[in-house]
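For reference, the structure discussed in these notes is given below.
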Amino acid sequence: MIDIESIDRMIKRIRAESPLIHCITNTVVQNFTANGLLSLGASPVMSDAPEEAGEMARLAKGLLINIGTLHDETIRAMEAALRSANEAGVPAVLDPVGVGSTTFRTKAVQRLLTLGRFTVIRGNVAEVANTIGRSLPIKGVDGGTVSRDIAVDVARQAARALGAVVAATGPEDVVTDGERTIIVQNGDPLMSRVTGVGCLLGAVVAAFLSVEGDPFRAAAGALIAYGIAGEMARETLSQRPESGAAVLSGAYGIAFLDALDALHDGAIDRRARWTVPGEMTSFNI
Amino acid sequence: MIDIESIDRMIKRIRAESPLIHCITNTVVQNFTANGLLSLGASPVMSDAPEEAGEMARLAKGLLINIGTLHDETIRAMEAALRSANEAGVPAVLDPVGVGSTTFRTKAVQRLLTLGRFTVIRGNVAEVANTIGRSLPIKGVDGGTVSRDIAVDVARQAARALGAVVAATGPEDVVTDGERTIIVQNGDPLMSRVTGVGCLLGAVVAAFLSVEGDPFRAAAGALIAYGIAGEMARETLSQRPESGAAVLSGAYGIAFLDALDALHDGAIDRRARWTVPGEMTSFNI
Amino acid sequence: MIDIESIDRMIKRIRAESPLIHCITNTVVQNFTANGLLSLGASPVMSDAPEEAGEMARLAKGLLINIGTLHDETIRAMEAALRSANEAGVPAVLDPVGVGSTTFRTKAVQRLLTLGRFTVIRGNVAEVANTIGRSLPIKGVDGGTVSRDIAVDVARQAARALGAVVAATGPEDVVTDGERTIIVQNGDPLMSRVTGVGCLLGAVVAAFLSVEGDPFRAAAGALIAYGIAGEMARETLSQRPESGAAVLSGAYGIAFLDALDALHDGAIDRRARWTVPGEMTSFNI
């Protein structure tokens, strides 16, 4: 389904081509998202005005729509950008942050899904469930944890209902197009303690989509690479003489950007860790 | 009035319960505020649209309203959120950034104070004075320094006029409910050279309010813990082999987030430093 | 044209006077811009509402208008601030981010240039060219590279057409008022891999304008000091024991803020590097 060589190739192509990724994302994480894309080798643009979002999306190689801080004006920008991206064949990623927590978010997501097509939906399991109207508990913008079986079931159902690849993240990540499914096991618990690590992932998936035509492989590759960066960040910090044993959240956010910058040195090979539903144990490749 | 054990208990409860804190704050510091709350163990949500702010505030355990980058639309979100928070019994913190510097800010604050109740007002001494129409010089968003006597007088007057606990920050911080008053002496000068350290404090106070029913004790505990984090940040940086004697503002902002993350290890006990008005000397506990 | 002593003097005056710099800038870089100004010793304020931008600009010693994330409401704030700044004699800097990439941006820039006067225009070469309707290829918000001859020609033409000092940045930076021209050669390639380093420069130029009456010398001094900070950031990072040879983009952004904070220790003297058009080689002073 996915192999190390093709993930390496995607990363190399992103660095070589520096694809322009148009992000309409929440104001909390715009800076971190732009820096993360630059660290990875891509080129961010953050236009979120209805007057220009359609024109900008057409110039891009990938589009991210993230509803974290939604406004009436932003919704109109999202609609214009999605329409343009669909017309121009630009792959689009939706991150339905906090969908289900307020009516405003739920309606905005429903409207976007009616208006156009997304190539990948990226959210935690609760957000993915809420996107298709299947209820799971949700607290603010962070979901709780569910069993792997439920996560896989929700992700597959969403993928089929929405005709998109779904990347449902959590302690383990599920990537599925409704037929093929893998469980990505790379990552680090601190990734959920830094604002924007989840949101940046949507932009990273868009960058992978810009260089890989199969959206399932692009999303799987992005999530494996991303989880590995999360592990590399911890390793770097634990080498700092002054930090002792503690790896803390402030420094971790910066080390994570550094890890994305360092991803090109063949780091994928030794570390990739995934499995498939039904397998009892994970395996390293 | 306040004791070490209860501050420790508040911090532990925040980490255990991860209270959702709804922040309507300025776009300059949204990222830093979200990261600071996560470092402390709380859970941030940053919704600032009038269409959903009321619904979101009801889900939260604490609300922060910060007027740093005010817009007409944000004011409407603030009003909806404040009304909801008051109805639902969610404690609300106001940070009147730069009030008095423009008519727009002054009117917005007056209107909010008419519309609803705040549990705590957090600002520098000039902002606190301007909130009650008492003039002190103010330059942009940073206040100057005044004597302790004036700071205490302004804070007490504001607390009585507004029926709220006032936390007036500066080289020393004054916390008062109009009757009880303490001067918090923890902190570090670099805290004022990193954008958002003042603004994040409002969110941290909201997190403390969510776990402590006495707002004076919650605010005092928050300011002591926060000042201690500021001291810990300097200590960590001065241990770095490459930095020599210099502790600089960029690294300090990150080290401050790390210090909030490290606050749980009993750091309060050895370091807490406060006094009361009228005492000539401070004392350590 | 410019000398080390006067750059040192500008930096010292900024630190002594802490000039208030009013920034109407994009939401991606507001935090980094505010922190950069604080690190340098200036005092940022980020008001971008039409209701107060005019009033705020009058209180400031310098104004930055950056169109990176343009909205209809922000344009109205920019217009009010520019008018006020012009009336009050406050120097104004324009950063026309991505002008030429969408009609919305191009029209906004044209309208601002009709409405008022800018003291300095700061952009990459492609943006400077697009500001005067001279076409060069532009991809998103980053320009490509052109020869020094073209860069100088474009910058001079723009300076004359707009009656402003132009700072056209790239691998080398061109600063010109149409008559005097220098090529600043300080800097580091990583500066273009951290979001906001270009945008912060506009704010730094505004701070230098607040303490130096000759805008050409202020802009040249700002760019030399800024490039030197970029070099200092790399040096600090390469001393870290855990980093080995790698200097990576996440840590670089923080080290850059630290370098601005450390700029006062006479660092300019040993490092300043510029030349003039027509010279074949650069020279150190």
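The values are calculated or read from the model by the stated rules, or taken from the named source; none is laboratory data. The structure presented is a predicted model; accordingly, all values stated were derived computationally and were not measured. Ideal geometry is used to build each Cβ from the backbone, glycine not excepted, and the neighbour counts take in all protein chains shown. Surface accessibility is based on the protein's heavy atoms, side chains included, excluding ligands, DNA and RNA. Shrake-Rupley method; radii C 1.70, N 1.55, O 1.52, S 1.80 Å.
Look at B:Pro91 and say whether it is at the interface with chain A (Cβ under 10 Å from one of its Cβ atoms) and at negative phi.
Criteria not met by B:Pro91.
Could you run through region B:159-187 and say how many residues are more than 22 Å from C:Asp261 (Cα to Cα), surrounded by fewer than 24 Cβ atoms within 10 Å (Cβ to Cβ), in contact (Cβ under 8 Å) with a residue 40 or more places away in the chain and not hydrophobic (A, V, I, L, M, F, W, C)?
Matching residues across region B:159-187 total 5.
Looking at (1) facing another protein chain (nearest Cβ under 9 Å); (2) open to solvent by 10 Å² or more (accessible area, probe 1.4 Å), can you tell me which one B:Glu212 breaks?
Unmet for B:Glu212, out of (1) facing another protein chain (nearest Cβ under 9 Å); (2) open to solvent by 10 Å² or more (accessible area, probe 1.4 Å): (1).
It is to be established whether one or more residues within region B:102-116 are touching a residue at least 60 places away in the same chain (Cβ under 8 Å) and among the hydrophobic types (A, V, I, L, M, F, W, C).
Checked region B:102-116: no residue is touching a residue at least 60 places away in the same chain (Cβ under 8 Å) and among the hydrophobic types (A, V, I, L, M, F, W, C).
Would you pick out the residues in region A:8-30 that are open to solvent by 20 Å² or more (accessible area, probe 1.4 Å) and over 19 Å from A:Ala60 (Cβ atoms)?
Hits for region A:8-30 are A:Asp8, A:Arg9, A:Lys12, A:Thr27.
Please identify the pairs in which a residue from region B:62-89 that is within 22 Å of C:Ala34 (Cβ to Cβ) has its Cβ atom under 9 Å from the Cβ atom of a residue that is of a type in the set (Lys, Arg) and outside any helix (DSSP H, G or I), counting only partners at least 6 apart or on another chain.
Hits for this filter: B:Leu64/B:Arg122; B:Asn66/B:Arg122.
Please work out which one of (1) open to solvent by 10 Å² or more (accessible area, probe 1.4 Å); (2) more than 14 Å from chain B (Cβ to nearest Cβ); (3) at pLDDT 95 or above is the condition A:Asp258 fails and give its number.
Here A:Asp258 meets the rest and fails (2).
For region C:55-74, what are the residues that are surrounded by 22 or more Cβ atoms within 10 Å (Cβ to Cβ) and either within 14 Å of chain A (Cβ to nearest Cβ) or closer than 19 Å to B:Arg105 by Cα (or both)?
Those that are surrounded by 22 or more Cβ atoms within 10 Å (Cβ to Cβ) and either within 14 Å of chain A (Cβ to nearest Cβ) or closer than 19 Å to B:Arg105 by Cα (or both): C:Met56, C:Ala57, C:Ala60, C:Asn66, C:Ile67, C:Gly68, C:Thr69, C:Leu70, C:His71, C:Thr74.
What is the number of the single condition among (1) within 13 Å of another protein chain (Cβ to nearest Cβ); (2) surrounded by fewer than 21 Cβ atoms within 10 Å (Cβ to Cβ); (3) without any contact (Cβ under 8 Å) to a residue 40 or more places away in the chain that C:Glu5 does not meet?
(1)
Assuming C:Arg83 fulfils every condition listed in (1) more than 10 Å from every other protein chain (Cβ to nearest Cβ); (2) basic (Lys, Arg); (3) open to solvent by less than 20 Å² (accessible area, probe 1.4 Å) apart from one, which condition is it?
Result: C:Arg83 passes all but (3).
Could you tell me which numbered condition B:Glu279 fails, if it satisfies all but one of (1) within 14 Å of chain C (Cβ to nearest Cβ); (2) modelled with pLDDT under 80; (3) not in a helix (DSSP H, G or I)?
(1)
Kindly indicate whether any position in region C:65-76 is at pLDDT 95 or above, touching a strand residue (DSSP E or B) at 6+ places or on another chain (Cβ under 7 Å) and of a type in the set (Gly, Ala, Ser).
no
Starting from residues that are open to solvent by 10 Å² or more (accessible area, probe 1.4 Å) and facing chain B (nearest Cβ under 8 Å), keep the ones in region C:31-43 and report whichever is farthest from A:Asn35 (Cα to Cα).
Selected residue: C:Leu38.
Residue under question is A:Leu190, and the condition is that it be touching a Phe, Trp or Tyr at 6+ places or on another chain (Cβ under 9 Å), open to solvent by less than 10 Å² (accessible area, probe 1.4 Å) and in contact (Cβ under 8 Å) with a residue 24 or more places away in the chain; does it hold?
So A:Leu190 does not fit the description; no.
For region C:126-143, which residues satisfy the criterion of being open to solvent by 60 Å² or more (accessible area, probe 1.4 Å) and at pLDDT below 75?
Once the filter is applied, which keeps residues that are open to solvent by 60 Å² or more (accessible area, probe 1.4 Å) and at pLDDT below 75, region C:126-143 yields C:Pro137, C:Lys139, C:Asp142.
Does B:Pro50 qualify as being within 19 Å of the chain's Cα centre (by Cα), at the interface with chain A (Cβ under 10 Å from one of its Cβ atoms) and not small (Gly, Ala, Ser)?
no
For region A:107-125, what are the residues that are within 14 Å of another protein chain (Cβ to nearest Cβ) and buried (at least 19 other Cβ atoms within 10 Å of the Cβ)?
Matches in region A:107-125: A:Ala108, A:Val109, A:Asn124.
Sort out which residues of region B:7-23 are more than 15 Å from the chain's Cα centre (by Cα) and in a strand (DSSP E or B), and write them in order of number.
B:Leu20
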